[in-house]
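K.L.:
Below are the structure tokens for one structure; questions will follow.
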Amino acid sequence: MKKIIVLLAVLVSISSLAFASGSSQSGPSVVTSKPIEFSMFYPDNATLPFRTDWLTVQKAQELFNAKITWEIIPIADFNTKVSLALNTGVNTPDVILYQSIAGENVSLAQNGAIFPISDRSSWTPEWNARVAEYGLQSDVNALKLKDGKLYALPRLFDKPFYDGGLILREDLLTSNNIAAPKTFDDLYSLLSMYKKQNPSSYPMTVLVGPRVHYRMTQPSWGISLHANGAGGSRVLSWDYSKNTFFAGATSDQYRDYMRYWNKLYKEGLLDPEMAEPINGDVWTRKMATGAAIATYAYYDQIGGVAAASTIPGFKLNMYPPLAGPAGAHHQQKDKTGAGILFPIAASKRADFENLVRTVDKMFFSKQAELLWCIGVEGVTYTMQGSNIKYIDSILNSPDGIYKAMQLRYGAGADPLQYLWINAREMTKYDANYADINQKVAAMDNAIQAVPPSPRFSSPADAERATSLMGTLFDAFNVWDNAFLTGTKSLDTDWNAYVAEMNSKGINELLQLYNNNL
């Protein structure tokens, strides 16, 4: 009996120690509770279609004990779908990815459609820690609205980098003994030469649609307009010398900008299909076959185009920003970017704190920093001391490391990665990419800061700005396409265009933006 009692005491002791040991550990390996279930809006890009079986997506849910219902929305329709959900409260998800508090979202935040996440800062310890680690508190403070609150958890960069720009056929430069273009006039000369040699070609094409092309080229004219304009207004632009907004859509800068591209369009140098979204496979085929030789896109896409080409000696490269009338500038970037927001409906969940804490860990923890960037150790990479070594199938992929990681595993998929460390990102590129980044860094302010968002003093001002913005952008879109294609003249129709934009309130919108800086 004594032996039995002693044995039972030992077993109880061992069980207690095991339980205590397990309960004291942090990390997902000891999680045994039921996964938290929530829904999420995801903006889908045709060049990188979302897959629920991506390693990163599956691993994130496993690590952080979550079960996500993904609503996959084409990126061209994403903002419209987000707006509809937040305005109506119908079919609203628990989490929305890839959003900033600018434009209409300012009005939606002030009207109570978006939860002020800064009110629960103790629930986001991982995001708080990364902000401090990257030294971004002042950048984050600039994102707060007039009420001093933050309505989204923005993505964080330790430093901005040049991930996309002018991509063109380097082999043609070499074979024709032509120096790499430095200005947009140089680009025009190169495209004209190729058109003469290949009359059926349209030497410059665009990726997805004009929004990528515009956001990467307009800053060299001193403007930033359209769907991805840096100021969020779509029709206003930022004067960096005066620190104020101006009516970019009706400015001389915009008129000169459109003159340049209309000239290329009329001469058959610009893809006539650019006004509509171009499928990623179609874009690849145009570049790979020589139907086009230049485009604005991202460095990681070079490998896929090169692999699809059968042209002897075919070689693409990316080049620093070209100089225009306002200098050589690329799309504006900050150390913060589009992030994660919680619709107000999600805050009604009984487990809202658990939801926020789970999302915080899933996207902003140290584990997340590695997972969404380089995948899973032992699967996509191994560590050799402090150096990352990617597996052979990734290293030898014709798509290149970055694109292979995205396509196969979801690592580096823009809507999923919210922590960006420049040095780690560079491991996914070649020495040439690092060299390009060094050249851009040495240029005079090639990547300008994103303009400040207005902090509207009242919901009425925010709503009025949103209403004006929608009306103005609808009109601007029609005129912009007409000026590009030449169905409207930048000379004889310009005054009518300006009059229409004035009648639709562009100056009122401008005043609202500047009064609420």
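The values are calculated or read from the model by the stated rules, or taken from the named source; none is laboratory data. A quick note: this is a predicted structure, and the numbers were derived from the prediction, not measured. In this analysis, Cβ positions are derived from the backbone assuming ideal geometry, glycine residues included, and neighbour counts consider all displayed protein chains. The protein model used for the area step is the full one, side chains on, heavy atoms only, and it has no ligands, DNA or RNA in it. Shrake-Rupley method; radii C 1.70, N 1.55, O 1.52, S 1.80 Å.
K.L.:
Restricting the first residue to segment 474-497 and requiring it to be free of Cβ contacts under 8 Å to residues at least 60 places away in the same chain, which pairs with a second residue that is basic (Lys, Arg) meet a Cβ separation below 7 Å and a spacing of at least six or different chains?
P.N.:
That search, which allows pairs on different chains as well, returns Ala475/Lys504; Trp479/Lys488; Ala482/Lys488.
K.L.:
May I pose another question? Can you name the condition, by its number, that Asn177 falls short on among (1) in contact with a helix residue (DSSP H, G or I) (Cβ under 9 Å, 6 or more places away or on another chain); (2) open to solvent by 10 Å² or more (accessible area, probe 1.4 Å); (3) more than 29 Å from Ala346 (Cα to Cα); (4) modelled with pLDDT of 95 or more?
P.N.:
For Asn177, the failing item is (1).
K.L.:
With (1) assigned to a loop (DSSP other than H, G, I, E, B); (2) of a type in the set (Lys, Arg); (3) over 19 Å from the mean Cα position of the chain (by Cα) as the list, and Lys428 as the residue in question, which single condition is left unmet?
P.N.:
(3)
K.L.:
When segment 148-158 is examined, which residues are found to be under 14 Å from Gln137 (Cα atoms) and assigned to a loop (DSSP other than H, G, I, E, B)? If you could, list the steps in order and put the result at the bottom.
P.N.:
First, the residues of segment 148-158 that are under 14 Å from Gln137 (Cα atoms): 148-150, 153-158.
Gly148, Lys149, Leu150, Asp158 - these are the residues of segment 148-158 that are under 14 Å from Gln137 (Cα atoms) and assigned to a loop (DSSP other than H, G, I, E, B).
K.L.:
On the basis of being open to solvent by 20 Å² or more (accessible area, probe 1.4 Å), in contact with a Ser or Thr (Cβ under 6 Å, 6 or more places away or on another chain), at negative phi and among the acidic types (Asp, Glu), does Glu463 make the cut?
P.N.:
Values: open to solvent by 20 Å² or more (accessible area, probe 1.4 Å): yes; in contact with a Ser or Thr (Cβ under 6 Å, 6 or more places away or on another chain): yes; at negative phi: yes; among the acidic types (Asp, Glu): yes.
The answer is yes for Glu463.
K.L.:
On the basis of being assigned to a helix (DSSP H, G or I), modelled with pLDDT of 95 or more and either open to solvent by less than 70 Å² (accessible area, probe 1.4 Å) or under 23 Å from Gly231 (Cα atoms) (or both), does Ser107 make the cut?
P.N.:
On the way: assigned to a helix (DSSP H, G or I): yes; modelled with pLDDT of 95 or more: no; either open to solvent by less than 70 Å² (accessible area, probe 1.4 Å) or under 23 Å from Gly231 (Cα atoms) (or both): yes.
No.
K.L.:
Here is a further query. So if I check each of Gly337, Gly375, which one is open to solvent by less than 10 Å² (accessible area, probe 1.4 Å) and closer than 30 Å to Tyr151 by Cα?
P.N.:
Gly375
K.L.:
Tell me yes or no: at least one residue of segment 364-371 is open to solvent by 30 Å² or more (accessible area, probe 1.4 Å) and of a type in the set (Asp, Glu).
P.N.:
Looking for residues that are open to solvent by 30 Å² or more (accessible area, probe 1.4 Å) and of a type in the set (Asp, Glu), one finds none in segment 364-371, hence no.
K.L.:
If you check Gly209, Gly231, Gly268, which single one turns out to be of a type in the set (Gly, Ala, Ser) and farther than 23 Å from Asn45 by Cα? Steps first, answer last, please.
P.N.:
On the way: Gly209 fails: farther than 23 Å from Asn45 by Cα; Gly231 fails: farther than 23 Å from Asn45 by Cα.
Testing whether each residue is of a type in the set (Gly, Ala, Ser) and farther than 23 Å from Asn45 by Cα leaves just Gly268.
K.L.:
If I filter segment 266-307 down to residues being buried (at least 22 other Cβ atoms within 10 Å of the Cβ) and of a type in the set (S, T, N, Q), which single residue comes out as modelled with the lowest pLDDT?
P.N.:
Among residues in segment 266-307 that are buried (at least 22 other Cβ atoms within 10 Å of the Cβ) and of a type in the set (S, T, N, Q), the one modelled with the lowest pLDDT is Gln301.
K.L.:
Check off (1) open to solvent by less than 10 Å² (accessible area, probe 1.4 Å); (2) under 14 Å from Phe476 (Cβ atoms) for Arg234 and give me the number that stays unchecked.
P.N.:
Looking at each condition in turn, Arg234 falls short on (1).
K.L.:
Return the residue satisfying two criteria in turn: it lies in segment 79-103 and is under 14 Å from Ala338 (Cβ atoms) and either modelled with pLDDT of 95 or more or not in a loop (DSSP other than H, G, I, E, B) (or both), and of such residues it is nearest to the chain's Cα centre (by Cα).
P.N.:
Tyr98
K.L.:
Something else: Among the numbered criteria (1) open to solvent by less than 40 Å² (accessible area, probe 1.4 Å); (2) outside any helix (DSSP H, G or I); (3) modelled with pLDDT under 95, which single criterion is violated by Phe38?
P.N.:
Going through (1) open to solvent by less than 40 Å² (accessible area, probe 1.4 Å); (2) outside any helix (DSSP H, G or I); (3) modelled with pLDDT under 95 one by one, Phe38 breaks only (3).
K.L.:
Scan segment 489-507 for residues that are of a type in the set (S, T, N, Q) and within 14 Å of Tyr254 (Cα to Cα) and report the count. Step through it out loud before you land on a result.
P.N.:
Within segment 489-507, the first condition is being of a type in the set (S, T, N, Q), and the residues that meet it are 489, 492, 495, 502-503, 507.
Within this subset, residues satisfying the condition of being within 14 Å of Tyr254 (Cα to Cα) are 489, 495.
Residues meeting the conditions: 2.
K.L.:
Let me ask something else. In segment 80-98, how many residues are surrounded by fewer than 22 Cβ atoms within 10 Å (Cβ to Cβ) and without any contact (Cβ under 8 Å) to a residue 60 or more places away in the chain?
P.N.:
8
K.L.:
Taking segment 369-417 on its own, how many of its residues are part of a helix (DSSP H, G or I) and among the small types (Gly, Ala, Ser)? Full working, then the answer.
P.N.:
Just the residues of segment 369-417 that are part of a helix (DSSP H, G or I), to begin with: 369-374, 392-395, 401-409.
Retained after the next criterion (residues that are among the small types (Gly, Ala, Ser)): 393, 404.
Residues flagged as part of a helix (DSSP H, G or I) and among the small types (Gly, Ala, Ser) within segment 369-417 amount to 2.
K.L.:
Going by what's in this entry, would Lys263 be described as open to solvent by 10 Å² or more (accessible area, probe 1.4 Å), modelled with pLDDT of 95 or more, part of a helix (DSSP H, G or I) and within 18 Å of Leu316 (Cα to Cα)? Break it down into steps so the answer makes sense when it comes.
P.N.:
Values: open to solvent by 10 Å² or more (accessible area, probe 1.4 Å): yes; modelled with pLDDT of 95 or more: yes; part of a helix (DSSP H, G or I): yes; within 18 Å of Leu316 (Cα to Cα): no.
Answer is no for this residue.
K.L.:
Right, another one. Kindly list, by first and then second residue, each pair from a residue in segment 506-517 that is in contact (Cβ under 8 Å) with a residue 60 or more places away in the chain to a residue that is surrounded by fewer than 22 Cβ atoms within 10 Å (Cβ to Cβ) and part of a helix (DSSP H, G or I), limited to pairs with Cβ atoms under 6 Å and residues at least 6 apart or on different chains.
P.N.:
Qualifying pairs under 6 Å: Leu509/Leu468.
K.L.:
Only one residue in Pro181, Pro203 is of a type outside the set (Phe, Trp, Tyr) and either out of contact with any Phe, Trp or Tyr (no Cβ under 6 Å at 6 or more places or on another chain) or closer than 24 Å to Tyr497 by Cβ (or both). Which one? Steps first, answer last, please.
P.N.:
Numbers: Pro203 fails: either out of contact with any Phe, Trp or Tyr (no Cβ under 6 Å at 6 or more places or on another chain) or closer than 24 Å to Tyr497 by Cβ (or both).
The conditions single out Pro181.
K.L.:
Which residue, of Ser192, Ser220, is in contact with a strand residue (DSSP E or B) (Cβ under 6 Å, 6 or more places away or on another chain), over 23 Å from Gly103 (Cβ atoms) and open to solvent by less than 40 Å² (accessible area, probe 1.4 Å)?
P.N.:
On inspection, the qualifying residue turns out to be Ser220.
K.L.:
Of (1) open to solvent by 50 Å² or more (accessible area, probe 1.4 Å); (2) under 30 Å from Ser393 (Cα atoms), Lys439 satisfies all except one. Which?
P.N.:
Here Lys439 meets the rest and fails (2).
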